[in-house]
Each structure stands twice: as C-alpha cells, then as structure tokens.
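Colleague: Here you go, one structure.
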Amino acid sequence: MSLSLKDQISSATKDAMRARDSARLGTLRLLQAAIKQREVDERIELTDDDIISIIDKQIKQRRESIQAYEKAGRTDTAAAEQAEIDVLSEFMPAQADAAEINALIDEVLAQLQAEGLSGGAAMGKAMALIKPKLAGRADMSEVSKNLRQKLNP
C-alpha cells in the first residue's frame, strides 16, 4: 500500500529537517499549514485530490508572484519562488502532454457538438467536463486558451 499524499508530505518535511534544508522545510511547512487550515475550517479529512488542488493553487500563486517580481526586477525573489514551485511540484501527478490535452479537448468538443452546443455555452460546459480529468496535471489557463482557439477558429 502506498502512502497517502499527506503522509508523503509529512515524511518529506521530516527529511528536510534532518538534512537542515531550511528553504525546502519552509515550503513544506507552509503546505502542511494550508492543508491543516482547510481540514480545520471544513472539519473534514482531506483526500489526495483535495491536497492536489491545494498544491495546484499554491503553485499558481507562486507563478503570479514570479511574474510580478520579474516585472519589478527582483530576480532573486523570483528565483526563491521558483524553488518553492519545484518543491511543490514533486507532489503533483505527472503532467499531461500537449497531445493528451488536445485529444481530450477534441473528444469533449465532439460530444458537445453532438448535443448541439456551440459558442459560449459550449466553452463553459467543455471546461466543466475537462477540468476534473486534468486537475493538477495541466495549466488550466493554457487548456482554456486551446479550447477557445478550437471553438473560434
């Protein structure tokens, strides 16, 4: 039986403590705090999928921070954010490649065209169908761009 994602993060935190890797330890502790906060707020035990969504959100926040830091010329801070993304990415599932994403988009669009949907209604419905299949495995903003291009050639 494999360890749950929460257990893997806990184990990685202990390893970072033993190795005295303060940068990695700080990132892992922030992640554990976010997980614990959501568990306390919602009074639930989070599943691996819930934890993946938290990690995905944190990665997205750091990408936005990197863009802001680079605009401000703060490359040292942007590099620190990228290091945190690298740590968080270790716990994400394998990323979907472009071919897999495009095939899924084509499949969903064919399904929606069979239902007679097109335009804006198709965009929302398509994203609702695609998102759960690619959660944590693709940048959803890129998927949205690809979908929009295929809907409006």
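Colleague: Would you mind working out the accessible area per residue for the chain, using a 1.4 Å probe, and quoting it in Å²?
Modeller: Numbers: 9620 Å² over 153 residues.
Using a 1.4 Å probe on heavy atoms only, each residue of the chain averages 63 Å².
Colleague: Towards the positive end of the charge dipole of the stretch 98-151, with charges on Cβ (+1 Lys, Arg; -1 Asp, Glu), say which of 126, 108, 98 has the farthest Cα.
Modeller: So the residue we want is 126.
Colleague: Right, here's the next one. What is the magnitude of the charge dipole of the chain about its Cα centre, with +1 placed on the Cβ of each Lys and Arg, -1 on the Cβ of each Asp and Glu, and no other charges, expressed in debye to the nearest 20? If you can, show how the numbers build up before the last one.
Modeller: Values: 22 positive and 25 negative charges, 75 e Å.
I would put it at about 360 debye.
Colleague: On C-alpha positions alone, give me the angle between the axis of helix 119-134 and the longest principal axis of the chain, in degrees, nearest 10.
Modeller: 40 degrees
Colleague: If you don't mind, there's one more thing I want to ask. Residue 5: net charge of surrounding residues, Cβ under 10 Å, Lys/Arg +1, Asp/Glu -1, itself excluded? Please list the in-between numbers first.
Modeller: Values: positive: 6; negative: 7, 48, 49, 50.
Combined, the nearby Lys, Arg, Asp and Glu give -3.
Colleague: Then there is this: How charged is the neighbourhood of residue 112? Take every other residue with its Cβ under 15 Å from the Cβ of residue 112, and add Lys/Arg as +1 and Asp/Glu as -1. Provide the component values of the computation, followed by the final result.
Modeller: Details: positive: 125, 131, 133, 148, 150; negative: 106, 107, 115.
Surrounding charge for residue 112 is +2.
Colleague: Taking only DSSP H segments of four or more residues, each worth -39500 (n - 2.57), what value at 222 nm results for the chain once the sum is divided by all its residues, to the nearest 500 deg cm²/dmol? The partial results should precede the final answer.
Modeller: Working: 7 runs with 120 residues, N = 153.
-26500 deg cm²/dmol, from helical runs alone.
Colleague: Magnitude of the Cβ-charge dipole of the stretch 51-118, K/R +1 and D/E -1, about the Cα centre, nearest 20 debye? Walk me through the numbers before you get to the answer.
Modeller: On the way: 6 positive and 13 negative charges, 75 e Å.
Dipole of the stretch 51-118, to the nearest 20 debye: 360 debye.
The values are calculated or read from the model by the stated rules, or taken from the named source; none is laboratory data. Everything numeric here is computed off the predicted structure, so don't read it as measured data. Every residue, glycine among them, receives a Cβ derived from its backbone with ideal geometry; neighbour counts consider all protein chains shown. What goes into the accessible areas is simple: the full protein's heavy atoms, side chains included, and nothing from ligands, DNA or RNA. Shrake-Rupley method; radii C 1.70, N 1.55, O 1.52, S 1.80 Å.
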